[in-house]
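Values in this text are rule-based calculations from the coordinates and carry no lab data. Please read all numbers here as calculations on a predicted model, not as lab measurements. Don't worry about glycine lacking a Cβ; one is built from the backbone with ideal geometry, like all the others, and counts go over all protein chains shown.
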Amino acid sequence: MSNLYHESGHTKQTAYKVPRMERPIIGIVGAGQLALMMFEASLRMDLDIRVLATDADDPALRVVPGSRVGDPRDAAVLLAFASEVDVVTFDHELIDIASVRSLGVAGHAVRPGSAALAVAIDKARQHDTFSRLGIDQPPTVLVRTESELRAAMHRLALPVVVKHATGGYDGRGVYVVDHEQQFDRLVAGGVLGDGEFLVQPKVPIDAEVAVQVVRSIDGEILAYPVVRTIQEDGICTMVQLPAAIPDALARRATEVARLLADHLDVVGVLAVEFFVSGGRLLINEIAMRPHNSGHLTIEATVTSQFENHLRAVAGLPLGSTAAVVGAASMVNIIGSDSSPAPRPDRAPIDAAVHLYGKSHRPGRKLGHVTAVGDSIEDVVARARRAASALEPQGAGT
Ligand code: ADP
């Protein structure tokens, strides 16, 4: 750590004894679509944000003034970024906890804090936390070596799901293993790599649901309505409000999210994903930031998840999470092979369009659309139509 970083950190520590409530500068580590949508929210709230992009073509970098590019896992880069802002928050989990911890040690405000983030970025620690709190989850075996993996697979019986404890997202780092030969191919191809893994039976899924809660600096928690998420190949393609699950399950999902937010002392948005399996609610994973399952809160609730995340980390009062519509549906626009970028000239009249300005790559989330209204059938149909009009393959080019 250079003196410069050390000194500016030290100054912050003194400055931060009393949080500046009026108009703190919020630094977001990450400049993807979540940072982009937080930036949009910051404009409406007259809040000042900066982003630390990993890549020069990250979408928020194009629009957020005073942005930086650097490796977010590098403690010196993080410290330099933190010294330019009043509070640091995150739009992704590809971070190094020791580096984040060093920000706190240097007196910078980090929200959510490093202890909470350490759980969020590691599915093995999530699993331990869920077990300790008595939250139902799929049976899970934690392993590190190939032979442990193979033994776990035999113990649980095929098919199983093998997941990297860290570094995965959008289904990357999640492998469904139906037969032993498939496992052998993953091992032989070096696909699994090193680290810690979770092995779970492939549970029969009736539905997947998610809930976001937002927790303020002084522990107030507001919950968004539970939504249904639809995944294809491990990536979320659609989100629907209402979730259309029994009330008791929706209540339990919200209760679990509140419990976790309190237990982990989260500041900001916490998203919790669940499976509904055989009428039971099983927790899958958590994310400690705005989440894809909450994009529809922009159009469907009083205060979006993006605005509430900023409000929470800035120490401002939270906004209502109540729905303002009877139904909403969000469809992701995902890059496919051999296709150009989504076409804004194909924007529909009856759905809200969000294009992220990302360079096209297969499997990459390039944008989303949200339709709101009174009936779930109507909003799902409109969102689907809107996405296929905009989608590279739908554009017919
Ligand atoms: P990511 O962190 O990439 O979102 P998840 O752990 O949420 O990974 O897994 C991605 C998807 O894979 C889930 O949404 C679900 O559809 C499927 N999946 C994950 N674990 C299981 C499981 N134990 N049984 C059945 N399907 C699963």
With the label point 7 Å along the Cα-to-beta-carbon line of SER147 and a cut-off under 12 Å to each amide N, the hits in the range 177-196 are none
Rounded to 0.05, the calculated FRET efficiency for the beta carbons of SER359 and ALA115 at R₀ = 35 Å is 0.50
With label points set 7 Å from each Cα along the Cα-to-Cβ direction at SER388 and ASP265, the distance between them in nm comes to 5.1
Note, GLY326: beta-carbon cut-off 12 Å, +1 each Lys/Arg, -1 each Asp/Glu, net -3
Most exposed to least, judged by fewest other Cβ atoms within 10 Å, SER359, SER147 sort to SER147, SER359
Note on the range 156-233: contact order normalised by length, alpha-carbon pairs under 8 Å, 6 or more apart, percent, works out to 29
HN-Hα couplings for the range 252-261 via Karplus (6.51, -1.76, 1.60; θ = phi - 60°), in whole Hz with x for Gly/Pro, come out as 5, 4, 5, 4, 5, 5, 5, 4, 5, 4
The answer for the per residue Cα convex hull volume of the range 301-351, in Å³, is 129
Relative contact order as a percentage, the chain, C-alpha pairs under 8 Å and 6+ apart, gives 13
Karplus-derived 3J(HN,Hα) from phi for the range 305-311 (6.51 cos²θ - 1.76 cosθ + 1.60, θ = phi - 60°), whole Hz, x at Gly and Pro, runs 4, 5, 5, 5, 4, 4, 4
Dividing the helical contributions, -39500 (n - 2.57) per DSSP H run of n ≥ 4, by the residues of the chain yields a 222 nm value, nearest 500 deg cm²/dmol, of -9500 deg cm²/dmol
Note: ARG343 to GLU220 extended length (0.36 nm per residue) minus current alpha-carbon separation gives 40.1 nm
Mean projected area (nm²) from the convex hull of Cα positions in the range 89-189 is 7.9
Among trypsin sites (Lys or Arg not before Pro) in the range 141-241, those in a DSSP loop whose Cβ has at most 16 other Cβ atoms within 10 Å are ARG144, LYS202
Taking every C-alpha to C-alpha distance in the range 189-301 and binning by 10 Å from 0, the per-bin percentages run 13, 43, 32, 11, 1
Computed over the chain, the convex hull of the Cα set has an average projected area, in nm², of 19.7
Per DSSP, the loop-located trypsin sites (Lys or Arg not before Pro) within the range 47-109 having at most 16 other beta carbons within 10 Å are ARG73
Non-local residues with an amide H under 5 Å from the amide H of VAL110, with H modelled 1.01 Å from N and Pro and chain starts lacking one, are VAL88
Phi angles of the range 340-352, converted by Karplus (6.51 cos²θ - 1.76 cosθ + 1.60, θ = phi - 60°) into ³J(HN,Hα) in whole Hz with x for Gly and Pro, give x, 5, x, 9, x, 5, 9, 4, x, 8, 10, 8, 7
Placing each pseudo-label 7 Å from Cα in the direction of the beta carbon, ALA157 and ASP71 end up separated by a distance in nanometres of 4.7
